[in-house]
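> First, the structure itself, so that you have it in front of you.
The values are calculated or read from the model by the stated rules, or taken from the named source; none is laboratory data. It should be emphasised that the depicted structure is a prediction, and the values quoted were computed from it without experimental measurement. So basically every Cβ, Gly included, is an ideal-geometry build from the backbone, and we count neighbours across all protein chains shown. Accessible surface areas use protein heavy atoms only, side chains included; no ligands, DNA or RNA. Shrake-Rupley method; radii C 1.70, N 1.55, O 1.52, S 1.80 Å.
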Amino acid sequence: MAERCAIVGIGQTHHTARRDDVSIAGLLREAALRALDDAGLDWPDVDAVVIGKAPDMFEGVMMPELYLADALGAVGKPMLRVHTAGSVGGSTAIVAASLIQAGIHERVLTVAFEKQSESNAMWALTVKTPLQAAVVAGAGGYFAPLVRGYMQRSGAPEDTGIRVAVKDRANALKNPYAHIRDPNLTFDAIAGSPMLWDPIRFHETCPSSDGACAMVLTSERAIPRPKLAPAWVHSMAMRSEPTQFAGQEKINPVSGQMCAKEVYSKAGITDPRREIDAAEIYVPFSWFEPMWMENLGFAEVGQGWKMTYEGATALDGDLPVNCSGGVLSSNPIGASGMLRFAEAAMQVRGQAGEHQVDGAKIALGHAYGGGSQFFSMWIVGSARP
Amino acid sequence: MREVAIVSFAQAPNARRELRNEVEILMPVVQEAVARSGIERPFDFTCSGSSDFLQGQPFAFVMALDAAGAWPPIPESHVEMDGAWALYEAWVKIQTGQAETALVYAFGKSSPGDLPEVLATQLDPYVLAPLWPDAVSLAALQARAYLEKSGHSERDLAEVAARSRRSAKSNPNATVSGDYEVEKLLATPHIADPLRVHDCAPVCDGAVAMVLVAGDRARKVCERPAWIRGIDHRIEPHSLGARDLTVSVSTRLAAEKAGVGRGAVDVAELHAPFTHQELILRDALGLGANVKVNPSGGALCANPMMAAGLARIGEAASRIWDGSARRAVAHATSGPCLQQNLVCVLEGA
Amino acid sequence: MADEAKPVTNIKTPMRLEYRYSAGVATSRFLRGIGQGKILGQRCPSCRKVYVPPRGSCPRCAVPTVEEVELSDEGTITTFAIVRVPSENIDVPLPFASVHVLLDGCDIPFFSVVQECPVDQIRIGMRVQAVWVPKEELTSTLQSIRYFKPTGEPDVPFEKLKEFL
């Protein structure tokens, strides 16, 4: 019943700590124009705009889609604003693709962004209200205890997180858009970086970035004369669970497991580790790579760290993970999930340049948010499904 | 398009200041909507609408998920918009064939902050928001332009208010209701000339929930499903100077796409937080004098932010269920001076 | 470059919005309890699990919770992080241990900090007890619990805590 959805244009900004040279609108236009150019389309070709970002307090603008309508060419068109916490970039792409699959629109522009320099993200994440004691220091303070729980449970070697960071920071050197591109980030440099939220070190942590990502999605009949073959959406899935309840599994969340199962089964994937050629996974703290390898079914529970350790997740491994450098190297929060989805599509289009996985045909894009409770994923492929 | 119907609707009392937290407000509303729907959990899809700025806390929607019933984990999404757009997203999901049932909810707690001031943060952050123009003042600019151009008077606005409050007498969840004489309303002072208190929606806290079901399944659980025969939404330029504030171009466009004009309209529930906006919207939707507008009292009598638009759809559906309308139009708005508008056409058969 | 030719790259527009929060019914009861030196949780009528701080509902079962349970102010660390980075909104001196404490009789960890213990000695399974402000300074805010400190009891084995991670 559903229409096929093609990804025909992808664009992103150079992610960096501060983009003082552009407004919020300017930042989004940069990504959107690159996506339109990649697609060979222009603003009037777009039927609808779907925009996503994390909490409005990050920029201090309530429902910024209202102000952005003009800059994104949405005037006179439908415009939707998605917010599902950290997974929002992925969810936004899913809402946009749903508009195509439902047969409602032929060409949809989807954009996600964060301009963290406009406000203070740590403040926005730790708003002090008189009703609760402020004891959780931002996202790092929230996730560090979960990482410690994983370390204790799995018995993973203590340098697993450092090894993930070494890999992702090396991958970022091959991605011209990455925020952190520092050839000096060796194993020793990362190991020697200060503990922020022990067991998480400074260089095992994502940066705060200004950045945006955009994609142009079309129905099969509306695929523009391509410069480059499209990527195809093979399947999409979303799952959410409450923040905290008694008996909840926080390290290997059930919502993530269910989401992965659904996205594989809808794409006809039975052996994900063998069938998926590249994965872009939301890893804001290095230890989340092994945790998500297990959650996504690429490794048995307690064994995810071995994939990192054995180099399976390296660019030349059997399941290259975060060839772009990942969230560890660029983190415009609201856009981080869409970047994962877009980078997956770039891999199957052969568009990833130096960080291209040779011959990638099937790729996974993954995003999560909140307290490891919101998941969104898609499988994209070079072949028409 | 696949046939989709609204089969249940529930709402909170729209109190001026709720001491309950968002989950405490929302949970009974969700439970009521689910119970009335005749659909067992889990729903194939869940979608909600809310805005962090109202209660001044990031991730307001995250805690609200506690009320939705998200265990085992559910396919779920959220818009930082009025819940009417959450309903749209749910409708889209059903159109893809990936869902047959959907739970939609929205909530807003405006009482913790100064709402007209909070809404100033919706404006262009570089050139408008730093001036802190509050939402009532902006609406007054629009009202003045509209009165000058249309020839309507402040009396006409007061008549909209009096009629709305009279209608709200039959709505147990209204914040404001009762019999008010137009003369007496006109004798009250302006708060932002030409607007008086009665011209502006009251500030309240609230929540609404409803259930959507596709095709024959809807017929099974509901005697007279409120079928969504058309739904569309459009946005206009942000800058007030770039728009003709006396008309609602985006509402007219959405109404065309949704097919409002394809048949006679019995009832319209319009999301007009200001009296003059009801008149602008009537024009944009092409509603004749015989259309019953806002039998619930509308947003002028209960305006839970981020839920009032969705409530309009629920109220319109209620008129289908009770047989007082065969065809109803619901409308939702977002942004300063009707910047973004959604139109939904409901039919009983 | 003449001033008028320089681009405007940055403007500061301070924002100030004031909010009057309300805790909600369940949390208000909890905070009033804290003001009396008591920790009150709520039991879910369906899964029988005890929540603290209570929010008036069980997120797992999506049902309201009413039954009140007074909890011990002693508990066990289920996991923790050592925070070494300053955060504007946190007054505790660095480094400090941000911990999840499973209070005795409760089924969900409570977020707090541990002090009176070198941070390198904090461990999963450690037994801790709340340190309250003096009785006459008790107020209905979580600041009434200053922090948790070790009790010196033997650790709880990790096996028993696994399901609380």
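> Can you tell me the accessible area per residue over chain A, all protein chains present, probe 1.4 angstrom, in square angstrom? The partial results should precede the final answer.
On the way: 10770 Å² over 385 residues.
On a per-residue basis, chain A sits at 28 Å².
> With each pseudo-label sitting 7 Å past Cα toward Cβ, what's the A:Lys261-B:Asp114 distance in nm, one decimal?
5.3
> Against the longest alpha carbon principal axis of chain C, how many degrees, from 0 to 90 and to the nearest 10, is the axis of helix C:25-35 turned?
Value to nearest ten degrees: 80.
> Counting only protein heavy atoms and a 1.4 Å probe, tell me what percentage of chain B's accessible area is made up of carbon and sulfur. Walk me through the numbers on the way to the answer.
Details: 5610 of 10860 Å².
With neighbouring chains kept in place, the figure for chain B is 52 percent.
> Which listed residue (B:Thr121, A:Pro55, B:Phe274) has the Cα farthest towards the positive end of the charge dipole for the protein assembly as shown, taking +1 on Lys and Arg C-beta and -1 on Asp and Glu C-beta about the Cα centre?
My answer, from the dipole projection, is B:Phe274.
> Also, quick follow-up: Would you mind putting A:158-165, A:352-359, B:65-72 in packing order, based on average other-beta-carbon counts within 10 Å, highest first?
Values: A:158-165: 22.5, A:352-359: 15.5, B:65-72: 24.4.
Packing proxy ranking, top to bottom: B:65-72, A:158-165, A:352-359.
> How much of the accessible area of chain C, in percent, comes from carbon and sulfur atoms when a 1.4 Å probe is used? Before the final figure, lay out the partial values.
Details: 4130 of 8370 Å².
Summing carbon and sulfur atoms, their accessible area is 49 percent of the total for chain C.
> Here is a follow-up. Give the peptides C:94-101, A:41-48, A:106-113 in descending order of average Cβ contacts within 10 Å, highest first. Present the calculation step by step, with values, prior to reporting the outcome.
Details: C:94-101: 23.0, A:41-48: 16.8, A:106-113: 28.5.
So the peptides C:94-101, A:41-48, A:106-113, ranked by packing, come out A:106-113, C:94-101, A:41-48.
> Run the helix sum for chain A: -39,500 (n - 2.57) per DSSP H stretch of 4+ residues, divided by residue count, reported at 222 nm to the nearest 500 deg cm²/dmol.
On the way: 13 runs with 126 residues, N = 385.
Taking each H run of at least 4 residues, the total per residue is -9500 deg cm²/dmol.
> Here is a further query. With a cut-off of 8 Å between alpha carbons and a minimum separation of six or more residues, what is the relative contact order of chain A in percent?
Numbers: 947 pairs, mean separation 100.2, N = 385.
It comes to 26 percent, rounded to a whole number.
> May I pose another question? Total Å² of accessible surface buried at the A-B contact, 1.4 Å probe, nearest 100? Walk me through the numbers before you get to the answer.
Numbers: alone 14870 and 14190 Å², together 24300 Å².
Buried: approximately 4800 Å² between B and A.
> What distance in nm separates the two pseudo spin-label positions at B:Ala187 and C:Ser46, each 7 Å out from Cα along the beta-carbon direction?
5.5
> List the residues, sorted by chain then number, that are 5 or more residues from A:Leu80 or on another chain and whose placed amide H is less than 5 Å from its amide H.
Here the answer is A:Val49, A:Val50, A:Ile51, since their amide H atoms fall under 5 Å of that of A:Leu80.
> Under the rule a/c < 1.5 gives rounded, and otherwise a/b versus b/c splits prolate from oblate, where does the stretch C:72-165 land using the Cα gyration tensor? It would help to have the intermediate numbers written out before the result.
Working: a/c = 1.72, a/b = 1.23, b/c = 1.39.
Oblate is the answer for the stretch C:72-165, as a/c is 1.5 or above yet b/c matches or exceeds a/b.
> Once phi is turned into θ = phi - 60°, what whole-Hz ³J(HN,Hα) does the Karplus curve with 6.51, -1.76 and 1.60 give for every residue of the stretch A:373-385, x standing for Gly and Pro?
Whole-Hz 3J(HN,Hα) from phi for the stretch A:373-385: 9, 10, 10, 9, 8, 9, 10, 10, x, 7, 8, 5, x.
> For B:43-54, what's the mean count of beta carbons from other chains sitting within 10 Å of each residue's beta carbon?
3
> Here's something else I'd like to know. Each residue of the stretch A:241-248 in turn: what ³J(HN,Hα) in whole Hz from Karplus with 6.51, -1.76, 1.60 and θ = phi - 60°, glycine and Pro shown as x?
With the stated coefficients, the stretch A:241-248 comes to 9, x, 5, 7, 8, 5, x, 6 Hz.
> A further question follows. Just to confirm a number: summing +1 for Lys and Arg and -1 for Asp and Glu over residues other than A:Arg153 whose beta-carbon lies under 12 angstrom from that of A:Arg153, what do you get?
Working: positive: A:Arg148, A:Lys250, C:Lys162; negative: A:Glu249, A:Glu294, C:Glu159, C:Glu163.
Charge balance near A:Arg153 sits at -1.
> Sticking with this structure for a sec: Compute the Cα gyration tensor for chain B, then decide on rounded, prolate or oblate, letting a ≥ b ≥ c be the square roots of its eigenvalues: rounded whenever a/c is under 1.5, prolate when a/b is larger than b/c in the other cases, and oblate in all that remain.
On the way: a/c = 1.59, a/b = 1.33, b/c = 1.19.
Note, shape of chain B comes out prolate.
> Determine the shielding of peptide A:15-26 by partner chains: average, over its residues, the number of Cβ atoms on other chains within 10 angstrom of each Cβ. Before the final figure, lay out each step's value.
Details: counts 0, 0, 0, 2, 1, 4, 2, 1, 3, 3, 4, 0.
Mean number of neighbouring Cβ atoms from other chains: 2.
> Determine the residues within the stretch B:19-34 where the difference in accessible area between the chain on its own and the full set of protein chains amounts to at least 50 Å²; count protein heavy atoms only and use a 1.4 Å probe.
B:Asn21, B:Glu24, B:Met27
> Follow-up. Where does each of B:Lys184, C:Lys49 land when they are ordered by accessible area, with a 1.4 Å probe and the largest first?
B:Lys184, C:Lys49
> Turning to a different aspect of this structure: Karplus couplings for the stretch B:272-287 from phi (6.51 cos²θ - 1.76 cosθ + 1.60, θ = phi - 60°), rounded to Hz, Gly and Pro as x?
Per residue, the Karplus-derived 3J(HN,Hα) values read 10, x, 10, 4, 5, 5, 4, 5, 4, 5, 4, 4, 4, 8, x, 7 Hz.
> At what distance in nm do the modelled label points of B:Ala264 and C:Thr151 sit from each other, each positioned 7 Å from its Cα along Cα→Cβ?
For the pair B:Ala264/C:Thr151, the computed spacing is 7.6 nm.
> Here's another thing I want to ask about it. Within 10 Å, Cβ to Cβ, of A:Gly89, how many net charges do the neighbouring residues add up to if Lys/Arg are +1 and Asp/Glu are -1?
Details: positive: A:Lys53, A:Arg340; negative: A:Glu114.
Taking every Cβ under 10 Å from that of A:Gly89, the sum is +1.
> Let me ask another. If the limit is 31 Å between Cα atoms, which of A:Lys77/B:Lys220; A:Lys266/B:Lys220; A:Lys77/A:Lys174; B:Lys257/B:Lys292 go over it?
Working: A:Lys77/B:Lys220 36 Å; A:Lys266/B:Lys220 29 Å; A:Lys77/A:Lys174 38 Å; B:Lys257/B:Lys292 22 Å.
Beyond 31 Å: A:Lys77/B:Lys220; A:Lys77/A:Lys174.
> On to the next question. Between chains C and B, what is the buried accessible area summed over both chains (1.4 Å probe, protein heavy atoms, nearest 100 Å²)? Spell out each step's value before the answer.
Numbers: alone 11220 and 14190 Å², together 23250 Å².
What C and B bury together is about 2200 Å².
> Heavy-atom accessible surface, probe 1.4 Å, ligands and DNA/RNA ignored: which residues of the stretch C:6-30 lose at least 50 Å² versus the isolated chain?
Residues losing area: C:Met15, C:Leu17, C:Tyr19, C:Arg20, C:Tyr21, C:Ser22.
> Near the amide H of B:His78, under 5 Å away, which other amide H atoms are found, from residues 5 or more places off or on another chain, if H is placed in the peptide plane?
The answer is A:His83, B:Ser48.
> How much of the accessible area of chain A, in percent, comes from carbon and sulfur atoms when a 1.4 Å probe is used? Numbers along the way, then the final one.
Values: 5480 of 10770 Å².
Carbon plus sulfur share of accessible area: 51 percent.
> Provide the buried accessible surface between chains C and A in square angstrom, both chains summed, 1.4 Å probe, rounded to the nearest 100. Mind showing how you got there, number by number?
Details: alone 11220 and 14870 Å², together 22540 Å².
Interface between C and A: roughly 3600 Å².
> Here is a follow-up. Report, in deg cm²/dmol and to the nearest 500, the calculated mean residue ellipticity at 222 nm for chain C, where each DSSP H run with n ≥ 4 adds -39500 (n - 2.57) and the sum is divided by the residue count.
Values: 1 runs with 11 residues, N = 165.
Roughly -2000 deg cm²/dmol at 222 nm, from the helical runs in chain C.
> I would also like to ask the following. What's the average, rounded to a whole number, of partner chain beta-carbon atoms within 10 Å of each residue's beta-carbon in A:140-147?
On the way: counts 5, 7, 3, 1, 6, 13, 4, 2.
Mean partner-chain Cβ count within 10 Å for A:140-147: 5.
> Taking H as built 1.01 Å from N, whose amide H comes closer than 5 Å to the amide H of B:Gln339, not counting residues under 5 places away?
Close amide H contacts, sequence-distant or interchain: B:Ser334.
> Mean separation of Cα pairs under 8 Å and 6+ residues apart, divided by the residue count of the stretch C:22-71: what relative contact order is that in percent? Working shown, then result.
Values: 83 pairs, mean separation 18.4, N = 50.
Normalised by residue count, the contact order of the stretch C:22-71 is 37 percent.
> So for each of A:63-74, B:12-23 I average, over its residues, the number of other beta carbons within 10 Å; can you give me the resulting order with the highest mean first?
Order by mean packing, descending: A:63-74, B:12-23.
> Okay, moving on. Shape verdict for the stretch C:22-71, please, from the Cα gyration tensor: rounded (a/c under 1.5), prolate (a/b greater than b/c) or oblate.
Values: a/c = 2.89, a/b = 1.58, b/c = 1.83.
Since a/c reaches 1.5 but b/c is at least a/b, the shape of the stretch C:22-71 is classed as oblate.
> Taking only protein heavy atoms into account and a 1.4 Å probe, give the accessible area per residue of chain B in Å². Please report the intermediate quantities before stating the final value.
Values: 10860 Å² over 349 residues.
Result: 31 Å² per residue.
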